[in-house]
1. Can you tell me which residue within the stretch C:11-62, out of those that are more than 10 Å from every other protein chain (Cβ to nearest Cβ), among the small types (Gly, Ala, Ser) and not in a loop (DSSP other than H, G, I, E, B), is surrounded by the most Cβ atoms within 10 Å (Cβ to Cβ)?
2. What number of residues within the stretch C:542-601 are in a helix (DSSP H, G or I) and touching a Phe, Trp or Tyr at 6+ places or on another chain (Cβ under 6 Å)?
3. In the stretch C:417-433, which residues are without any contact (Cβ under 8 Å) to a residue 60 or more places away in the chain and either exposed (fewer than 15 other Cβ atoms within 10 Å of the Cβ) or over 17 Å from C:Gly603 (Cβ atoms) (or both)?
4. Can you say whether A:Ile103 is of a type in the set (Val, Ile, Thr), more than 7 Å from every other protein chain (Cβ to nearest Cβ) and under 20 Å from C:Arg675 (Cβ atoms), as far as the supplied structure shows?
5. Picking from A:Val52, A:Val59, A:Val77, which residue would you name as being under 12 Å from the mean Cα position of the chain (by Cα), surrounded by fewer than 24 Cβ atoms within 10 Å (Cβ to Cβ), β-branched (Val, Ile, Thr) and within 23 Å of A:Thr7 (Cβ to Cβ)?
6. Output the number of residues of the stretch B:6-34 satisfying the condition of being crowded, with 17+ Cβ neighbours inside 10 Å and under 21 Å from C:Ala345 (Cβ atoms).
7. Every residue in the stretch A:32-49 that is without any contact (Cβ under 8 Å) to a residue 12 or more places away in the chain and either within 7 Å of chain C (Cβ to nearest Cβ) or buried (at least 24 other Cβ atoms within 10 Å of the Cβ) (or both), please.
8. As an exercise: evaluate C:Gly200 against (1) at negative phi; (2) within 14 Å of chain B (Cβ to nearest Cβ) and give the number of the one condition it does not meet.
Amino acid sequence: MTLIHVTTTVNGDEVEFLADPRETLLDCLRDKLGLTGAKEGCGTGDCGACSVTVDGRLVCSCLVLGVEAQGKTIETVEGIADGEKLHPLQRKFIEHAALQCGICTPGILVAAKALLAQNPDPTEEEVRYWLAGNLCRCTGYDKIIRAVLDAAAEMREGA
Amino acid sequence: MVKVHLWSGLRRFTDGADVVEVEAKTVGEMMKALVEAHPGLDPVIKAGVSVSVDGKLIARGLHETVSEGSEVFLLRQLKGG
Amino acid sequence: MPLDSKTTGFKYIGTRPDRPDGIDKVTGKARYGADAYAPGMLHGVMIRSPHAHAKIKRIDASKALALKGVKAVVTRADFPTGLEGEDWNIQENCMAGEVALYDGHAVAAVAATSLLLAREAAKLIEVEYEVLPHVTDVDEAMKPGAPAIRAGAADYSVPEGLHPNVMRYIEYGHGDLEAGFAAADLVMENTYKTEATHQGYIEPHACLAQLGSDGKGEMWVCTQGHWFIRRMSAAVLGIDVANLRVTPSEIGGGFGGKTTVFIEPVALALSRKAGKPVKMVMTRSEVLRATGPTSSSSIDVKMGMKKDGTMTAAKVTMRMQGGAFPMAPIDSALDCAFSCYNIPAVHHEGYDVLANRPKQAAYRAPGSPMAAFATESLVDEMCRALGLDPLKTRLKNASREGTKASFGPTFPRIGLVETLEAALAHPHYAAPLGPNKGRGVASGYWMNWGGETSVSAALGEDGSMTVSVGTPDIGGSRASMALMAAEALGIPYENVRVNIADTGSLGVNEPTHGSRATYATGLATIEAVKQISTKLCQRAADKWGIPAEAVIWEDGCAKPSGLNAGEFPPLTIGELAAEMGGTGGPISGHFEATPSGHGGSFGTHIVDVEVDPETGHTSVLRYTVVQDAGKAIHPAYVEGQFQGGAAQGIGWALNEEYIYGADGRLQNTVFLDYRIPVASDLPMIDTVIVEVPNPGHPYGVRGVGETGITPPLPAVANAVHGAAGVRLRSLPMSPPRILAAIKAKG
């Protein structure tokens, strides 16, 4: 099958790669761009471990084809920190021990950041329903929710 | 002599005894002595057992000491997860 | 290992510093099983049986091998023969021999230059099967007429006359059962059933394997225990363990399911045949179909109780299937069944049965949740019948130090009573409940583990410390090890760097399982760094010209032990380290042992639920975990274990199950249909850490990881009874089942 040349922007950088039209955006980010932060937990869009944003919209990158990235703006977990300065969400996750194995953490951070971008003051219930598409098997979600709410509060104060 | 408590399902190998007395200073010696006294216990030991000595669960420590007053139980082998 | 003099007054133990691998894990830098790449690597794909039970007549890979880019195909013929016992079972599970034993059983594998090509090639491999009758239910598998999955393999323990699918039989107990039941005012007996569930780790199994024709190889793999992986892979492939160096990646969850091998020996075999590294990653469907879910169980339990709640006798019979292989966890299930109670007469009976299902693997306190579901549900039913408070009844009968355990030995110091008292006093227990709401309580136990442990610590030239351990960090254990090292040496937590070393760098280590890492690796870490402080005292003594016995180690410094020793200002670890090359050489400490002083952990849970009478849906409104940690090294990670175990238990109680069709195929092979709890399913999970120190660890640590999954199954069932007035004795209590029970009640 002929490979297709894709040019796209990932975490602010213009990048290009060759994609088999059957490859997912997740495959391309990981195998061609070296961005292994997004993880494949299920391949069917059920676990959210592959979450990224495409033109600001939260998606499961396992459900987007690599070739669909052409001309779009993509943000992954690798783009959340500003150089060595962690985002409040990242700091709060560490502070609240909101990760145990950490495999779901990249997806949840991307999802939580997308939530706070459109709702800076969510209730606990709103955070839970927004994150319902991100499975975690280790934490029972308690410390994750606390970390997101705490980060939101800090971001509102700083705003 | 050390008193070794066996689980009741093993009675058929020990002529009905639940407690067998053997001469041993370590867990390893104890297992050997048990099989010598009751050869029917050989497949049991080979299949894998744990030993409890005074409440401490010993999975593989054949060198662990046992003495006359120790409370020793032969137990089914356990695995974690 | 005797308890240190202190279990209080710690400087670092019990604090909540940032975990050392935190930044890597929140920035996507941490590398997990599938995050490794090697130049020239191939991609491996497994070909799996679509039949629950079938003879493999013929495998023809010619069409696949003809594709450009396909480099190797392996079948069982590429593996050595002559293995015995569990080694044979593992080999048979990794790659079927003459018979495919379950839907998803691996029958062949192919390696190609791309994953897409490997998948295409897999479809071209022709396998001819002769389908055989199958059985997937544990009770059905014991009945006359059920297909015999492995004839003549029952061990010495199985009495005559049982179906050949019964692999092992266990029977034990003590006391006068008949007299005990006769003395009771109420005798109740019921059958409880649980279905198989999967550990549900979000990261599928993945490895990058390299094996040369000379039998030397390396492997990167997500695992709970790389020495186990090394030993099992070496056995399955017929190579020496020292010739295979296994490096653990970060691991995305295990819960017991990653303590064994599935794809690893096959990836190594492909690599050897192709002469290139092979990367193999399971899909989610493969994980559910063909890794190691836990057993399903069918349990008859009977108990006698006096009017005042005193338990007089108890009897349990368990039937468990562990797939098409022996070793379903009936041993630990039975040991845990009545472990919470001091009952004068107890009897246990267990059957380990084969079924055409995948080979079970450990899942967090293997066997204990099923046993607790049966016993703790029955206790609840009896308390309701007698009008007794469920927590006070448990307290009345609770096992304590000096109690003869249901499984035989006398309990040493344990903390069940403390958890029950804390639960009774907790505001959750007294909070009011409204309509359609119910509250359930339950207790649970796991004995925990010691196991082979090797730790090495090395002093840096600037006084900072490197600690190399062999237990992968699944839930924050690097932080706990660093805290223990810091405490033992009196140096700052930030000056300790914990590495998870590969199999070539340390002696044998058992996996991170059995709730053993904080206990065993922790104990070894303390002893290893103490060797270093002892050596540093010798260096200071040499420098001061006084005997080594006259030097003590305190607050990160070598000091004279008293005025008689001489007046010398303290020498810091940094000062001594800077000179070590010239004062005797590099300084390291190490510790190797199979410690056996681990202490068991008891827990008591309280849960409130609301059941919708029109849909049968259960909402979990409030949850409290009370559990004995002995000594919480890093309380946040102890709380995390409590909460995680509760969440898995809730999923098991309310929704998770393996659904097999009439054709013996697994029906729910994706996360949409094997639905684990999501964020919107759960409330905040409150935790109470009880600390009854374990005398077998210098700081009193008890493992905590596993006990937490045990009480939720019965606690939720008890709460559902309170909320909807129906008693479900079969898990999961999914909405259609609760609704059917409500309707049947009328």
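1. C:Gly44
2. So the first thing to find is which residues in the stretch C:542-601 are in a helix (DSSP H, G or I), and the list is C:542-544, C:548-550, C:563-565, C:573-583.
Going one step further and asking which of them are touching a Phe, Trp or Tyr at 6+ places or on another chain (Cβ under 6 Å), we end up with C:544.
Summing the residues that are in a helix (DSSP H, G or I) and touching a Phe, Trp or Tyr at 6+ places or on another chain (Cβ under 6 Å) in the stretch C:542-601 gives 1.
3. Applying the first criterion (without any contact (Cβ under 8 Å) to a residue 60 or more places away in the chain) to the stretch C:417-433 yields C:417, C:421, C:424-425, C:427, C:430, C:432.
Matches in the stretch C:417-433: C:Ala425, C:Pro427, C:Ala430, C:Pro432.
4. No, not satisfied.
5. From the options A:Val52, A:Val59, A:Val77, the qualifying one is A:Val59.
6. So the count comes out to 4.
7. A:Thr36
8. Here C:Gly200 clears every test but (1).
The values are calculated or read from the model by the stated rules, or taken from the named source; none is laboratory data. From a predicted model like this one, the values you see are computed outputs, not experimental measurements. Heads up, the Cβs are rebuilt from the backbone with ideal geometry, glycines too, and the neighbour counts pull from every protein chain shown.
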